[in-house]
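Trainee: Handing you a structure now.
Throughout, read-outs are computed from the coordinates displayed, never taken from laboratory work. Every value quoted in this text rests on a predicted model; they were computed, and no experiment measured them. Glycine gets a Cβ as well: all are built from the backbone with ideal geometry, and neighbour counts include every protein chain shown.
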Amino acid sequence: MTLTNKNIILGVSGSIAAYKAPDIVRRLQDLGAEVRVVLTQNGAQFVTELSLQVTSKNKVHHNLWDPEMALSMGHIELAKWADVVLIAPASANTIANLTSGKASDLLGNIILASNCPLLIAPAMNQQMYAADSVQENLKTLLERQITIIQPDNGKQACGDIGAGRLADATDIAQQVGALFQHTKLSGKKILITLGATIEAIDPVRYLSNHSSGKMGSALADACIEAGAKVTLVYGNISVPLNQKATAISATSAEEMHQAVMANIATQDFFIACAAVSDYRVKNVEKNKIKKSNQALILELIPTADILKDVCQLTHKPICIGFAAETQNLMENAENKLKNKGCDAIILNDVSGTDFGFKSEENEVVFLTSKSSLKIEKNSKQKIARKIVETLSENFL
Ligand SMILES: Cc1cc2nc3c(=O)[nH]c(=O)nc-3n(C[C@H](O)[C@H](O)[C@H](O)COP(=O)(O)O)c2cc1C
């Protein structure tokens, strides 16, 4: 991935995450970009002009009325110079200004005057991010083909936990780079299942598992970044989904099976990343089961095998399954590859707490009938990119 010869305007607005802006400058430069920073008045409360000037090696722009710019038309000059405008962090206020076309400061004017791709990386408190007005503004921007770099989910500066944390600087730079990358997944259709299924016992209780959907969500981001059109069939998840994907919700294994089968015909790839229950309760009670001193025996029956059923279709897509194992890892993964008839298995060791379920990190083995590649422990985002690279190399 490269941004060589690309001119990038980095708009930095008034989010606490603005202190990370010098790092974003560095990551863009690592890919070869020339960066000029436009700092809003409120952004300057959180990061100094000097640190941005030193890292970008360019004057930082913040004044619409800058007499030093030729003909005092700095906003037009900068807008024409840019190959990309990136706003990171993008505050709720800047997002609202952008949506309504406000041009009350230098950044607002540059955005209106530029004719190049625009990306924004929102960063704010999770409650602010979830606010209807912010979400509606983001939806409008997405409809205008503006790229929204999804915020991360996690602990925030204010102590809250949730979605709204500025995406990782390296990921932001990669997403800018992806704009200029013609990858092998361009135009490919990929269906990914993710999250945990829920099997009812009675109206209030259920059987499920620890899957968070993080790996599937990271895979969706990586496939979209690589140019694919992604459909997600998701169960119970605790991560936001990429808004560029078509998302279909499915609660039980049966619902997930139906949703996959209804959408599989046009897909080039199927990645079964969901943790689908192998069993369901045979007789789901209509009313809540009352507590008693007697042992309770639930009869469990097997659920439909989604991966196997897709693999048996006459016109099947390239099928990749995940094998979450706790023992005899390679042996179980090799058996799954053969028994299901899929093209690759991604082996996931879920015996520990270091990686796998719920964790931000993972370590996997990409296994086909001809080869086996270990992808060393890393963030799920980086593992996802490596999986996308490996599947492109193996199957395209
Ligand atoms: C300590 C502090 C932290 C803030 N952090 C954020 C933030 O992370 N995201 C956000 O959207 N607004 C945040 N705000 C509010 C913005 O700074 C405020 O809405 C401002 O008008 C944004 O201006 P700008 O969009 O022109 O840069 C914060 C305010 C304060 C006082």
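Trainee: Relative contact order of region 7-178: what whole-number percent is it, with Cα pairs under 8 angstrom and at least 6 residues apart?
Mentor: Working: 343 pairs, mean separation 40.3, N = 172.
This gives 23 percent for region 7-178.
Trainee: Compute the Rg to Rh ratio over the chain from the alpha carbon atoms, using the Kirkwood formula for Rh, and round to two decimal places. Could you put the intermediate results ahead of the total?
Mentor: Working: Rg = 23.7 Å, Rh = 22.8 Å.
Result for the chain is an Rg/Rh of 1.04.
Trainee: If r is the Cβ-Cβ distance from ASN332 to SER208 and R0 is 22 Å, what FRET efficiency results, to the nearest 0.05?
Mentor: Numbers: r = 22 Å, r/R0 = 0.98.
E(calc), rounded to 0.05, equals 0.55.
Trainee: Let me ask you something else. Got a sec? How would LEU142, LEU241 order by Cβ neighbour count within 10 Å, fewest to most?
Mentor: Ranked by crowding around the Cβ, least crowded first: LEU142, LEU241.
Trainee: Hey, if you put +1 on the Cβ of every Lys and Arg and -1 on every Asp and Glu Cβ in region 107-192, which of LEU166, MET124, VAL176 ends up farthest toward the positive end of that dipole?
Mentor: Towards the positive end, the residue furthest out is VAL176.
Trainee: Hey, another quick one. Measuring from label point to label point, each 7 Å out along Cα→Cβ, what is the LYS290 to SER104 span in nm?
Mentor: Those two pseudo-labels are separated by 6.4 nm.
Trainee: Return the long-range amide H neighbours of GLN150 (sequence gap of 5 or more, or a different chain), with a cut-off of under 5 Å between placed amide H atoms.
Mentor: none
Trainee: To continue, here is another question. Treat the count of other C-beta atoms within 10 Å as a stand-in for reagent exposure and order GLU393, GLU77 from fewest to most.
Mentor: GLU393, GLU77
Trainee: Next question, about the same structure. Amide H neighbours of ALA163 under 5 Å, counting only residues 5+ apart in sequence or on other chains, H built in-plane at 1.01 Å?
Mentor: The list, which skips near neighbours in sequence, is GLY154.
Trainee: Starting with the highest mean, order 327-336, 168-177 by the number of other Cβ atoms within 10 Å, averaged over the residues of each peptide.
Mentor: 168-177, 327-336
Trainee: Another one. What dipole magnitude, in Debye to the nearest 20, does region 105-177 give about its Cα centre under +1 on Lys/Arg Cβ and -1 on Asp/Glu Cβ?
Mentor: Numbers: 4 positive and 8 negative charges, 11 e Å.
In total the dipole reaches around 60 debye.
Trainee: Using the Cα centre of the chain as origin and beta-carbon charges of +1 (Lys, Arg) and -1 (Asp, Glu), tell me which of SER249, ILE146, ASN58 is placed farthest towards the positive end of the dipole.
Mentor: It is SER249, whose Cα lies furthest towards the positive end.
Trainee: Let me have the relative contact order for the chain, percent, based on Cα pairs under 8 Å that are six or more residues apart.
Mentor: Worked out over the chain, it gives 11 percent.
Trainee: Taking the chain as a whole, which cysteines find no other cysteine Cβ under 4.7 angstrom from their Cβ?
Mentor: Cysteines lacking a close Cβ partner in the chain: CYS116, CYS158, CYS223, CYS273, CYS311.
Trainee: Can you tell me, using C-alpha contacts under 8 Å and at least 6 residues apart, the relative contact order of region 189-395 as a whole percent?
Mentor: 20
Trainee: Further, regarding this structure: Order of ILE271, ILE111 from fewest to most other C-beta atoms within 10 Å?
Mentor: ILE111, ILE271
Trainee: Using a Gaussian network model of the chain with C-alpha springs under 10 Å, which one of GLU361, GLU254, GLU376 is most mobile by mean-square fluctuation?
Mentor: GLU376
Trainee: Let me ask something additional. Mind putting a number on the dipole of region 7-178 about its Cα centre? Charges go on the C-beta only, +1 for Lys and Arg and -1 for Asp and Glu, and I need it in Debye to the nearest 20.
Mentor: That gives region 7-178 a dipole magnitude of about 80 debye.
Trainee: Separate question: Can you give me the long-range amide H partners of CYS319? Hydrogens built in the peptide plane at 1.01 Å from N, cutoff under 5 Å, separation of 5 or more residues or another chain.
Mentor: PHE270, ASP343, ALA344
Trainee: Next question, about the same structure. Just how far, in whole angstrom, is region 289-304 from region 359-396 if you go by their alpha carbon centroids?
Mentor: 39
Trainee: State which helices in the chain qualify, where a helix is a whole DSSP H run, it must extend 27 Å or more along its own axis by its Cα atoms, and its mean Kyte-Doolittle hydropathy must be at least 1.6. Could you put the intermediate results ahead of the total?
Mentor: Working: long enough: none.
Helices meeting the span and hydropathy rule in the chain: none at all.
Trainee: How charged is the neighbourhood of ARG36? Take every other residue with its Cβ under 15 Å from the Cβ of ARG36, and add Lys/Arg as +1 and Asp/Glu as -1.
Mentor: Details: positive: LYS6, ARG26, LYS57, LYS59, LYS80; negative: GLU34, GLU49, ASP66, GLU68, GLU77, ASP83.
Charge balance in the 15 Å sphere: -1.
Trainee: At a Förster radius of 35 Å, what calculated FRET efficiency corresponds to the Cβ-Cβ distance of VAL54 and LYS139, to the nearest 0.05?
Mentor: On the way: r = 37 Å, r/R0 = 1.07.
In this case the efficiency is close to 0.40.
Trainee: Something else: Estimate the FRET efficiency between SER351 and LEU300 by the formula 1/(1 + (r/R0)^6), using the beta-carbon distance for r and 25 Å for R0, to the nearest 0.05. Kindly include the intermediate steps, with their values, before the conclusion.
Mentor: Working: r = 23 Å, r/R0 = 0.92.
Approximately 0.60, to the nearest 0.05.
Trainee: Describe numerically, in nm with one decimal, the distance between label points set 7 Å from Cα along Cα→Cβ at SER249 and at GLN41.
Mentor: Distance between the two pseudo-spin positions: 4.2 nm.
Trainee: Can you pull the one-decimal nm distance between simple spin-label points at SER371 and ASN63, each 7 Å off the Cα toward Cβ?
Mentor: 5.7
Trainee: Which residue, THR94, SER392, ILE9, has the largest displacement toward the positive end of the dipole of the chain when charges sit on each Cβ (Lys, Arg +1; Asp, Glu -1)?
Mentor: SER392
Trainee: Let me ask another. As a check on your grasp of the helix formula, calculate [θ] at 222 nm for the chain: sum -39500 (n - 2.57) over DSSP H runs of n ≥ 4, divide by the residue count, round to the nearest 500.
Mentor: -9500 deg cm²/dmol
Trainee: Report the residues of region 357-396 in range of a label on SER186: point 7 Å along Cα→C-beta, backbone N strictly under 19 Å from it.
Mentor: Hits in region 357-396 for SER186 at 19 Å: 388-396.
Trainee: Let me ask something additional. In region 7-178, what is the count of Lys pairs whose alpha carbons are under 30 Å apart, counting only pairs at least 8 residues apart or on separate chains?
Mentor: For region 7-178, the number of qualifying lysine pairs is 14.
Trainee: Placing +1 at every Lys and Arg Cβ and -1 at every Asp and Glu Cβ, with all other atoms neutral, what dipole size does the chain have around its Cα centre, in debye to the nearest 20? Mind dumping the intermediate values first?
Mentor: Values: 39 positive and 40 negative charges, 77 e Å.
My answer is approximately 380 debye.
Trainee: Still on this model: What is the antiparallel percent of DSSP beta bridges lying wholly in region 189-395, to the nearest 5?
Mentor: Numbers: 16 of 41 bridges.
In region 189-395, DSSP labels about 40 percent of beta bridges as antiparallel.
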